[in-house]
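The values are calculated or read from the model by the stated rules, or taken from the named source; none is laboratory data. Remember, predicted model here, so these are calculated numbers, not experimental data. Quick reminder, even Gly has a Cβ in these numbers, built from the backbone with ideal geometry, and neighbours come from all protein chains shown.
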Amino acid sequence: MGQVQQTSSFTSRVLLVSDSSHAVPVEVVRNGLRAILLGNGDTSTLELVHVPDTADIREGDLLVSSGLGGRFPKGYPVAEVDQISKEPGEPFVKIRATPMAELNRSRLVLVVFSPEQDDATNDAESSPEGSDAGSPEQDGVR
C-alpha cells in the first residue's frame, strides 16, 4: 500500500505507493532483476524505471519488495508488469505495472513492524546515556 507517515490514536496517514513522490525498490520474482518502482499519482498504475532494453522482463512478471534500503520487508507483492514499450534509440524500456493492492478501495491494512528497529529503539531508551543523547534539547537546538 505504502508507507506510514503519521499516526494517531485511531488513524494513520499513509503515503501510497502510487504517490508521485514515492519509490519502492523491487525485484522480479522470476529472475531476481532489481529495479525501482515509482508512483505517478494514478492509483491504478506504477512505473518501473531505469530498466535497460536488454533486461529479461516480461508482461505478467510479479514485482515484490526487494528489501534494499530497509524501508520495506523483502518479498511482499507490490505490482504486476502489464505493459512494456521500447522507444527506438532509447537505452531504457518504459514499463507500466499494476499495483497488487486496490489503492482506491482499501479501508483496513496490515502494518508490518521490523523487530530489529523496535529492539534498537527500546535499548536506546532504556540506557542512561541513550535516552537524551543527540536530542535537540541537549544540543541547544529548539
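Restricted to the range 20-39, and to residues that are of a type outside the set (Gly, Ala, Ser) and more than 14 Å from the chain's Cα centre (by Cα), which residue is surrounded by the most Cβ atoms within 10 Å (Cβ to Cβ)?
Val28
Cβ-Cβ distances below 9 Å connect the following pairs, each with a first residue in the range 76-96 that is part of a strand (DSSP E or B), a second residue that is aromatic (Phe, Trp, Tyr) and crowded, with 17+ Cβ neighbours inside 10 Å, and a separation of six or more residues or different chains: Val78/Phe72.
Within the range 1-33, the residues that satisfy the criterion of being assigned to a strand (DSSP E or B) and either on the phi > 0 side of the Ramachandran plot or in contact with a Leu (Cβ under 7 Å, 6 or more places away or on another chain) (or both) are Gly2, Gln3, Gln5, Leu16, Ala23, Val24, Pro25, Val26, Glu27, Val28.
Here's the yes/no breakdown for (1) under 21 Å from Leu110 (Cβ atoms); (2) in contact with an Asp or Glu (Cβ under 8 Å, 6 or more places away or on another chain); (3) among the charged types (D, E, K, R):
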position: Thr7; (1), (2), (3): yes, no, no
position: Pro25; (1), (2), (3): yes, no, no
position: Gly39; (1), (2), (3): yes, yes, no
position: Asp56; (1), (2), (3): no, no, yes
position: Glu90; (1), (2), (3): no, yes, yes
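Scoring Gly89 on the criteria (1) at pLDDT below 90; (2) surrounded by 13 or more Cβ atoms within 10 Å (Cβ to Cβ); (3) farther than 17 Å from Gly2 by Cβ leaves a single failure, condition (2). Regarding Glu59, is this residue modelled with pLDDT of 95 or more, in the same structural domain as Ala97 (by TED's automatic domain parsing) and either out of contact with any strand residue (DSSP E or B) (no Cβ under 7 Å at 6 or more places or on another chain) or surrounded by 17 or more Cβ atoms within 10 Å (Cβ to Cβ) (or both)? So Glu59 fails the test. Find all pairs meeting these conditions: Cβ atoms under 6 angstrom apart; at least six residues apart or on different chains; first residue within the range 32-55 and closer than 21 Å to Glu87 by Cα and not assigned by TED's automatic domain parsing to the domain that holds Ser66; second residue at pLDDT 90 or above and basic (Lys, Arg). Correct list of pairs: empty, since none qualify. Considering Val17, Val51, the condition of being within 16 Å of the chain's Cα centre (by Cα) and surrounded by 18 or more Cβ atoms within 10 Å (Cβ to Cβ) is satisfied by Val17 alone. Inspection of the range 47-59 finds no residue satisfying the criterion of being part of a loop (DSSP other than H, G, I, E, B) and within 18 Å of Ala101 (Cβ to Cβ).
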